[in-house]
Amino acid sequence: MSMEFLQLCQTLVFGLLVALLLFCLCIVLFYFWVSPIFALYKLRRNGFGGPTPSFPLGNIREMMKINRSSSSGSSLDHISHDIRSTVFPYFNQWRKSHGSVFAYWLGTEPFLYIADAGFLQKMTSGVLGKDWGKPNVFKYDRQPLFGNGLVMVEGHDWVRHRHVIIPALSPANLKPMASLMVESTTTMLEKWSTFIASGNSSSSEIEIEKEITAMSGEIIAKISFGTSHENHNIKVFEKLRALQFNLFGSNRYVGIPFSKLISIKQTLKARKLGKEIDSLILSIIDERRRSDGGYSQWDLLGFLLKKTDMDGQQVGKTLTTRELVDECKTFFFGGHETTALAITWTLLLLALHPNWQDQLREEIKCVMGDGELDLIKLSALKKLGWVMSEVLRLYPSAPNVQRQAREDIQVDGMIIPKGTNIWIDVVAMNHDPVLWGEDVHQFKPERFKEDINGGCNHKMGFVPFGFGGRMCVGRNLSVMEYKVVLTLALSRFSFSVSPNYCHSPTTMLSLRPSNGLPLIVKPL
Ligand code: HEM
């Protein structure tokens, strides 16, 4: 072979490599630069304003800057329930200049921000639950936490999952679970009594958020898997918490191209934790399938296994084992955090409003008498129901609801282009004086006395459990747990705020007190 021929081959290979590299670069540029600019142009042409993005970061840099300059919390003397500027300071700022509906960008991902109940109603009226998407960008990011569980699944698969799960969480099915709630709550309260008795004073400071979260985790573990897998339950709980802190504990630049590579350590750790949780749950499922009576055990897994392996086969509505694992994770995570935080915020508000503690104690005594907690009578605790609604209004455990448009959606002649992510700001709507009146930031449970919507002047203005076909499936369970825990706690203790408390609500998927909730707890 001549030298010239070899040189020609080398030049050809080099040329091909350069061409390939240029082609890849063009694709990357198209996806992460040209395509977002087209999408931005489409949104603007349809009348959606918003802060100006710069690709590939979108508006993330500005969000971080506003976050840094926002207030970090308030002391006991200056607690304000207007949490809009603390929780989502950038939205609070942008709302002032762009109104309640505008477009912003997480990296190269377009988001439509909505804090307008009228717009929300028009946007959702023509779209069925199964036709909504969930933002792909979050779906990939949160894969280790939810997999393809009900929170993330879409289309006909979502219909099938919901069909299997809804009966599992019906009030009739949940009734036998109440005794598990009483058991875990009583154990926690006993521990508090012992702790207080061991000190020198008649009351003690207790870190309420930590206590309630641990107890709620124990409850959901027993409800999900029963009491015979305690070791596994604890491990799943601990690993899910670790996964949550890994995914949401610090900035990870979701939406920016190759963001997983930027935070490679966190990505790998999340993946590892996700796999460990999956194999723990798989081993529980395997054990159940092998054991005598594994299907008849009274818990959510028992119910789903029976549906999946037996009843569901006849009607073709079953879940695969992989889907069962994802649903167990979804229950476990979705089922404890939101409820635990609703109880935590309630105890803060009751500590700030001792007259409401008295009113609730009176109601509990009147409904339950002096005897043991009667589960059938829980629904008669009306005032406790108003308090729960008011707490979910001021401090919504789920501070936002998300969707992704899978088709173009028409709203008042404007088009939300297919692929647009949608971020509904529940905090902003719950604190909007136009919807609620001038006393919007005050704790007034009585606003729910005559009206389940709390006097909100738009029916889509109060959506603490979401809306439409995708509304939360766990609300019966959470109301039951909320009432059991608070009835037992208020019957034994009074609560006041510790001088060590710093009011600084923040989001880590759910809305939580960023420095915990120390309360002074005193036996009655
Ligand atoms: C105070 C307690 C709770 C609050 C505030 C809450 C709030 C929410 C919200 C806002 C959504 C989104 C709905 C939408 O997209 O329109 C949701 C969905 C969901 N929640 Fe809850 N939740 C609570 C308790 C629970 C519990 C106890 C469970 C499970 C046992 C649970 C399981 C789920 C599931 C599986 C979904 C997805 C439903 C779907 O997309 O079809 N939640 N929840």
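Taking each residue of the range 474-485 that is charged (D, E, K, R) and looking for partners that are not in a helix (DSSP H, G or I) with beta-carbon atoms closer than 8 Å, six or more apart or interchain, yields ARG475/PHE465; LYS483/LEU381.
So, LYS134, is that one in contact with a Lys or Arg (Cβ under 9 Å, 6 or more places away or on another chain) and crowded, with 18+ Cβ neighbours inside 10 Å or not? Considered against the rule, which asks whether it is in contact with a Lys or Arg (Cβ under 9 Å, 6 or more places away or on another chain) and crowded, with 18+ Cβ neighbours inside 10 Å, LYS134 comes out as yes. Somewhere in the range 493-510, is a residue within 16 Å of the ligand (Cβ to nearest atom), in contact with a Ser or Thr (Cβ under 8 Å, 6 or more places away or on another chain) and closer than 16 Å to ILE208 by Cβ? Yes, the range 493-510 has at least one match. Evaluated against (1) under 30 Å from SER69 (Cβ atoms); (2) away from the ligand (no atom under 16 Å from the Cβ), TYR140 falls short on exactly one condition, (1). Take the conditions (1) surrounded by 21 or more Cβ atoms within 10 Å (Cβ to Cβ); (2) outside any helix (DSSP H, G or I); (3) among the hydrophobic types (A, V, I, L, M, F, W, C); VAL127 misses just one of them, which is (1). Say whether the condition of being modelled with pLDDT of 95 or more, buried (at least 19 other Cβ atoms within 10 Å of the Cβ), more than 30 Å from SER224 (Cα to Cα) and in contact with a helix residue (DSSP H, G or I) (Cβ under 7 Å, 6 or more places away or on another chain) is met by at least one residue in the range 458-479. The answer is yes, given that some residue of the range 458-479 is modelled with pLDDT of 95 or more, buried (at least 19 other Cβ atoms within 10 Å of the Cβ), more than 30 Å from SER224 (Cα to Cα) and in contact with a helix residue (DSSP H, G or I) (Cβ under 7 Å, 6 or more places away or on another chain). Only one of the listed residues (ILE166, ILE256, ILE234, ILE219) is under 30 Å from LYS272 (Cβ atoms), within 16 Å of the ligand (Cβ to nearest atom) and of a type outside the set (D, E, K, R). That residue is ILE219.
Considering the range 1-93, the qualifying helices (runs of 4 or more DSSP H), each wholly inside and each with 2 or more residues that are of a type outside the set (A, V, I, L, M) and surrounded by 12 or more Cβ atoms within 10 Å (Cβ to Cβ), run over 35-45, 60-69, 84-87. If you go through the range 466-484 and pick out every residue that is within 12 Å of the ligand (Cβ to nearest atom) and among the β-branched types (Val, Ile, Thr), you end up with 2. Kindly indicate whether any position in the range 303-316 is farther than 22 Å from PRO399 by Cα, within 15 Å of the ligand (Cβ to nearest atom) and either at pLDDT below 90 or part of a helix (DSSP H, G or I) (or both). Checked against the condition, which is being farther than 22 Å from PRO399 by Cα, within 15 Å of the ligand (Cβ to nearest atom) and either at pLDDT below 90 or part of a helix (DSSP H, G or I) (or both), the range 303-316 yields at least one hit. Among the residues of the range 184-231, just one is surrounded by fewer than 18 Cβ atoms within 10 Å (Cβ to Cβ) and closer than 12 Å to HIS336 by Cα, namely ALA214. Could you list all residues from the range 334-343 that are touching a strand residue (DSSP E or B) at 6+ places or on another chain (Cβ under 7 Å) and either more than 7 Å from the ligand (Cβ to nearest atom) or outside any helix (DSSP H, G or I) (or both)? Passing the criteria: GLU337, LEU341.
Going by what's in this entry, would LYS269 be described as surrounded by fewer than 16 Cβ atoms within 10 Å (Cβ to Cβ), out of contact with any strand residue (DSSP E or B) (no Cβ under 7 Å at 6 or more places or on another chain), touching a residue at least 12 places away in the same chain (Cβ under 8 Å) and not in a loop (DSSP other than H, G, I, E, B)? No; evaluated as a whole, the condition is false for this residue.
Report, ordered by the first and then the second residue, all pairs with beta carbons closer than 9 Å, sequence separation of six or more or different chains, a first member in the range 38-66 that is polar (S, T, N, Q), and a second member that is modelled with pLDDT of 90 or more and surrounded by fewer than 14 Cβ atoms within 10 Å (Cβ to Cβ). As it stands, the answer is SER54/ARG61; ASN59/THR52, since those pairs meet every condition given. Looking only at residues in the range 432-452 that are within 16 Å of the ligand (Cβ to nearest atom) and in contact with a Lys or Arg (Cβ under 9 Å, 6 or more places away or on another chain), the one that is nearest to ARG84 (Cα to Cα) is PRO445. Put simply, of ARG406, ARG492 the only residue that is of a type outside the set (A, V, I, L, M, F, W, C) and closer than 25 Å to GLY47 by Cα is ARG406. Condition check: part of a loop (DSSP other than H, G, I, E, B), of a type in the set (A, V, I, L, M) and away from the ligand (no atom under 15 Å from the Cβ). Does VAL463 satisfy that? Taking the combined requirement at face value, the residue does not satisfy it. Where helices (runs of 4 or more DSSP H) sit wholly within the range 138-252, those with at least 3 residues that are free of Cβ contacts under 8 Å to residues at least 12 places away in the same chain and out of contact with any His (no Cβ under 8 Å at 6 or more places or on another chain) occupy 178-197, 230-248. Taking the listed residues SER283, SER259, the one that is within 25 Å of THR507 (Cα to Cα) and small (Gly, Ala, Ser) is SER259, with no other qualifying.
The values are calculated or read from the model by the stated rules, or taken from the named source; none is laboratory data. Note that the structure is a prediction, hence the values are computed from the model and not measured. As a convention, Cβ positions derive from the backbone with ideal geometry for all residues, glycine included, and neighbour counts pool all protein chains shown.
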